[in-house]
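A short worksheet on the structure shown next.
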Amino acid sequence: MSTGALIGIIIVVIVVVAAIVVASVELKRARLRRQFGPEYDRLAQQLGSRKKADAELTGRQRRVQALGIHELTPEQQASYSGDWTAVQERFVDTPAEAVAGANTLIWDVMRDRGYPANDRKASMDALSVHHARSLEGYRQTLELRTESASTEQLREAMIRYRALFEDLTGLHEGHGEPGRDRVAAIRDRAAGRHAAGNGTRAAETAEPVTEAPVTEAPVTEAPVTGESVAADRDLAAQDDEVNSESASRTAPPRR
C-alpha cells in the first residue's frame, strides 16, 4: 500500500471519529437541555459557554444521585395536602403571610424528601435536576419582598410556589388520577381498615350469648268416663244450692 493511500485512510478515520465525538457531545447536550430546560440556558449564559454548562449540570446529576432523595409516603402526601389547603385559605385574609407560609412548606417537603435543606445553594442545584421548570418560576419570586408586594404579585408568587410544591409532593392536578382524589382515597382506605379492625376486636371480645332451649310440657286429657260425668253433675247441683242460699240471705224481708 502506498504512502498516499495510507494517509488517506488515516484522514478518513480521524474524520469519522471526530464526527462520532461531535455527535455524542451534541446528543448529550440535547438531553441536558431537555431535562434542565431554562436552567440550561441560564447557566450557559452565567458561565459563558455551553461546554461549562454541560460540565456543571452533569456534575449536579452525580451529586443528586449521591443524596438519596426519595418520594414522600402516602401519609406524608395526605398531611402536606391538608397543610397546603390551610395556607391557601389564609391567602384571602393575609396574603403576605400565606406566601411566606407556602415557601416554608416547600422547604419542609424538601427536607422530608432528603434534599440538603440546610444548604440553600446545594438544594437549589439539586432541585434543578428533576424540577427545573417549576424551579424557574420559583427563582422569579426570590427577590420578592412580601411586606411591600402588591396583592397581584403575591398571587403570582403563590401560583409559582404551588407549581413547585406539586412537583415535589407528587400531588399533580390533571395528570392521571388527581392528587387530592388519590389522597382522599388513601384516607378512606385507612379509615376502612381501622373500622374493620375495631369491629373484629369487638366481635372477638364479646361473650357468646346462648339461649336455653324452650320445651313445652305435654298436654294430657283425662279420659271421659261415666263416673266423671256423674261427678260433674254433683258439682253443678252443689253450686245451685250455694247460689240459692246466698240469694235468700241477701233478699230484703217482706212486710
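Against the test of being within 27 Å of Leu154 (Cα to Cα), open to solvent by 20 Å² or more (accessible area, probe 1.4 Å) and in a helix (DSSP H, G or I), the options Glu89, Glu56 yield a single qualifying residue, Glu89. Every condition in (1) assigned to a helix (DSSP H, G or I); (2) touching a Gly at 6+ places or on another chain (Cβ under 6 Å) is met by Ile69 except one, and the failing one is (1). Within region 123-161, track down each residue that is buried (at least 16 other Cβ atoms within 10 Å of the Cβ), in contact (Cβ under 8 Å) with a residue 60 or more places away in the chain and farther than 24 Å from Arg34 by Cβ. Passing the criteria: Leu154, Met158, Tyr161. Return yes when Tyr138 is farther than 21 Å from Gln61 by Cβ, assigned to a helix (DSSP H, G or I) and hydroxyl-bearing (Ser, Thr, Tyr) and no when it is not. No: the conditions fail for Tyr138. Here are Leu142, Leu67, Leu127, Leu72: which of them is touching an Asp or Glu at 6+ places or on another chain (Cβ under 7 Å) and at negative phi? Checking each option against the conditions leaves just Leu72.
All conditions in (1) open to solvent by 10 Å² or more (accessible area, probe 1.4 Å); (2) within 21 Å of Arg63 (Cα to Cα) hold for Asn103, with the sole exception of (2). Taking region 108-122 on its own, how many of its residues are part of a helix (DSSP H, G or I) and either of a type in the set (Ser, Thr, Tyr) or open to solvent by 10 Å² or more (accessible area, probe 1.4 Å) (or both)? Matching residues across region 108-122 total 7. Checking Gln65, Gln46, Gln35, Gln77 one by one, the residue that is in contact with a Leu (Cβ under 9 Å, 6 or more places away or on another chain), open to solvent by 30 Å² or more (accessible area, probe 1.4 Å), of a type in the set (S, T, N, Q) and within 30 Å of Arg162 (Cα to Cα) is Gln35 and no other. Taken over region 1-52, the residue count meeting the criterion of being small (Gly, Ala, Ser) and under 23 Å from Leu135 (Cβ atoms) is 5.
The residue pairs whose first member lies in region 22-46 and is on the phi > 0 side of the Ramachandran plot, whose second member is in a helix (DSSP H, G or I) and open to solvent by 60 Å² or more (accessible area, probe 1.4 Å), and whose beta carbons are closer than 6 Å, counting only pairs six or more residues apart or on different chains, are Gly37/Arg133.
The values are calculated or read from the model by the stated rules, or taken from the named source; none is laboratory data. Because the structure is predicted, anything quoted here is derived from the model rather than measured. All Cβ positions, glycine included, derive from the backbone under ideal geometry; neighbour counts span all protein chains shown. These area figures cover heavy atoms from the full protein model, side chains too; ligands, DNA and RNA do not enter into them. Shrake-Rupley method; radii C 1.70, N 1.55, O 1.52, S 1.80 Å.
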